Amino acid sequence: KLSSVQIMKATPLLYLHRLIRLWPAMTVYIFFSWKVVPYFTTGPVWFYYKGEADECGDTYWANLILLNNFLPSGKQSLCWGQLWYLPNDFQFFMITPFLLLLYVRVGKKTGLAAITAVLFASFITVFVLTKTIPFHVNLGNGTPQDPEYVHYYIAPYSRIPTYIVGIYLGLFYAEKN
């Protein structure tokens with residue numbers, strides 16, 4: 001059985017392992033799509049693709065450090081829209097070892113309370129945002145200029161509940177087996 005100190009020493013290695021899996025493919029994808037593809041692509045929807053390629057010039061660095069979801073409103077990177085979730089997933093992954101450590105080392109009730117607190121903090125944050133920022137069901141047109149897109153779609157505080165449910169289900173499964 002691992003001690004708490006061993007778990008804490010292994011946590012940076014977990015982060016590094018995750019980054020080693022993500023960064024190479026993401027970096028090649030961003031560079032290739034941003035700098036190479038524009039030289040040999042045309043077509044009726046090229047304007048949309050070119051717009052995303054142009055966005056990379058200012059914000060590629062935020063994608064590479066997995067913080068593009070924290071850029072100021074209107075500056076969120078559309079440097080390849082399909083990369084929007086990677087920062088969320090990595091940020092959630094960064095807090096997971098600490099939540100699981102509470103569950104395993106401090107006590108199941110304490111761990112579940114901490115996990116539940118994160119879940120309810122997300123609900124409260126989204127509730128407050130819904131009361132202070134106009135919410136439209138269509139999420140605007142899905143661009144960084146839309147407050148709905150920024151606060152309700154790509155923000156980690158809006159996305160973490162499903163990740164927390166996954167942690168709950170993983171713990172439930174582990175307890176049953």
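Key figures
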| read-out | value |
| --- | --- |
| Qualifying residues in region 33-53 (those that are under 12 Å from TRP80 (Cβ atoms) and touching a Cys at 6+ places or on another chain (Cβ under 9 Å)) - the one modelled with the lowest pLDDT | GLU52 |
| Residue, most open to solvent (accessible area, probe 1.4 Å), within region 147-177, restricted to residues that are β-branched (Val, Ile, Thr) and without any contact (Cβ under 8 Å) to a residue 60 or more places away in the chain | THR162 |
| Among (1) modelled with pLDDT under 80; (2) in a helix (DSSP H, G or I) - the single one ILE30 does not satisfy | (1) |
| Qualifying residue in region 111-119 (condition: assigned to a helix (DSSP H, G or I) and either farther than 17 Å from VAL165 by Cα or open to solvent by 70 Å² or more (accessible area, probe 1.4 Å) (or both)) | no |
| Number of positions in region 33-45 that are open to solvent by less than 50 Å² (accessible area, probe 1.4 Å), part of a helix (DSSP H, G or I) and more than 19 Å from ILE65 (Cα to Cα) | 3 |
| Qualifying residue in region 123-141 (condition: under 30 Å from VAL36 (Cβ atoms), at pLDDT below 90 and open to solvent by 30 Å² or more (accessible area, probe 1.4 Å)) | yes |
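The values are calculated or read from the model by the stated rules, or taken from the named source; none is laboratory data. Note that this is a predicted model, so its numbers are computed, not measured. Glycine also receives a Cβ, built like all others from the backbone with ideal geometry; neighbour counts cover every protein chain displayed. These area figures cover heavy atoms from the full protein model, side chains too; ligands, DNA and RNA do not enter into them. Shrake-Rupley method; radii C 1.70, N 1.55, O 1.52, S 1.80 Å.
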